[in-house]
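For reference, the structure is listed below as structure tokens.
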Amino acid sequence: MRRLMNAVMLHCLKATYLIEKSNDAPLGIVEKAQLNMHLSICNGCRNYLKQNRFLERLLKRHAHTTLTAKQDTTALEVKILDELHGK
Amino acid sequence: MVAATDEISSWVKAYTADLYAYTLSKVENKLTAEDIVQNTFLSALESLHRFESKSGPKTWLFSILKNKIADYYRQKYKQVENFSVSDAADGLFDENGRLKASYSSIQWTTDEELLDNPDFIQALHLCIEALPKKMSTVVELKYLDGTDSQSVCQKLEISQANFWQIMHRAKLLLKTCLENKWFKSGSIS
């Protein structure tokens, strides 16, 4: 029975992989069932699922954020204008 | 083409600072950032006839800029030595593939405000930077203006499975890094 369980059950390494994959593409029926079964008995991965979704939202936000303070770009602007007028 | 140059020139004065600041936070290197911004304006001049004023010049310039930044990441990815992704974040799992308790039990207090907390975002930025280059370039490319993964895979010439593998490990590393930098210390700034 144990061997069968091990064959059917995912371990966390695979489960966390599926969690990540599901951000991008829908899981197949079998994958979905396996993941749900694993999540029903694994606190750690349930926790990870929440964290992963949060990270997804955070990273999507991050795409739009500028972290650097506004710099003095006067010199760069002159350089670009020179280049443009040279054309 | 005097009129076109005049138009672009006014945009140079209006938007260079914003474009540069954004680029610098993505590419780290000042000279590279300058080149990218400069090339953005040159491209804009060449394709000005395609610009429709309803979207606003800033948005349009930013979309050209992001394409150039994407090209930069793609080049960087190709330059970086090949790296075995499958080892990354291995330390989080025991020999049976189970998450170790020390990593699985940390709770994140994730409220909405955290998403806009500049200190937290800074921590995220540092954590992305701390990733192996082969992985950080993929992460940056993927989240650069919601690039869909298929076009990321095409640009980097990797398979989707490979992409998911990289993202899987990257997210695990980001998780532990953020826990070290933020969640464990119980920062309530």
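Things worth noting here:
- Residue pairs meeting the criteria (Cβ under 9 Å; at least 6 apart or on separate chains; first in contact (Cβ under 8 Å) with a residue 24 or more places away in the chain, in region B:111-123; second exposed (fewer than 15 other Cβ atoms within 10 Å of the Cβ) and of a type in the set (S, T, Y)): B:N117/B:S189; B:D119/B:S187; B:D119/B:S189; B:F120/B:S187; B:F120/B:S189; B:A123/B:S187
- Candidate set: region B:1-13, residues that are within 7 Å of chain A (Cβ to nearest Cβ) and of a type outside the set (A, V, I, L, M, F, W, C); chosen: the one nearest to A:H64 (Cα to Cα): B:K13
- Within region B:39-64, the only residue that satisfies the criterion of being β-branched (V, I, T) and out of contact with any helix residue (DSSP H, G or I) (no Cβ under 8 Å at 6 or more places or on another chain) is B:T59.
- Some residue of region B:155-177 being surrounded by fewer than 13 Cβ atoms within 10 Å (Cβ to Cβ) and closer than 27 Å to A:N43 by Cα: yes
- Residues that are part of a helix (DSSP H, G or I) and without any contact (Cβ under 8 Å) to a residue 24 or more places away in the chain, drawn from region B:17-29: B:A17, B:Y20, B:A21, B:L24
- Close pairs from region A:60-81: first surrounded by 15 or more Cβ atoms within 10 Å (Cβ to Cβ), partner acidic (D, E), Cβ under 7 Å, at least 6 apart: A:A63/B:D145; A:L76/B:E34
- Search result, residues across region B:3-38 that are of a type in the set (V, I, T) and either over 21 Å from B:T137 (Cβ atoms) or in contact with a helix residue (DSSP H, G or I) (Cβ under 6 Å, 6 or more places away or on another chain) (or both): B:T5, B:I8, B:V12, B:T16, B:T23, B:V27, B:I36, B:V37
- Taken over region B:14-31, the criterion of being within 12 Å of B:K58 (Cα to Cα) and at the interface with chain A (Cβ under 9 Å from one of its Cβ atoms) is satisfied by B:T16, B:A17, B:D18, B:L19.
- B:I106 of a type outside the set (D, E) and in contact with an Asp or Glu (Cβ under 7 Å, 6 or more places away or on another chain): yes
- Test result for A:G44, among the small types (G, A, S), facing chain B (nearest Cβ under 7 Å) and over 30 Å from B:E7 (Cα atoms): yes
- Residue among A:L58, A:L49 that is more than 9 Å from chain B (Cβ to nearest Cβ) and within 21 Å of B:T176 (Cβ to Cβ): A:L49
- Pair list, Cβ under 7 Å, 6 or more apart: region B:139-153 residue closer than 16 Å to A:L55 by Cα, other residue of a type outside the set (A, V, I, L, M) and assigned to a loop (DSSP other than H, G, I, E, B): B:L141/B:T147
- Top-ranked residue in region B:82-94 [being in contact (Cβ under 8 Å) with a residue 12 or more places away in the chain and of a type outside the set (S, T, N, Q); ranked as farthest from A:A15 (Cα to Cα)]: B:F83
- In this structure, B:A101 does not qualify as among the small types (G, A, S) and touching a Leu at 6+ places or on another chain (Cβ under 7 Å).
Read the figures in this text as sums done on the coordinates, not as results from a lab. All figures in this text were calculated on a predicted structure; none of them were measured in a lab. Neighbour counts are summed over all protein chains in view; Cβ atoms, including those assigned to glycine, are modelled from backbone coordinates with ideal geometry.
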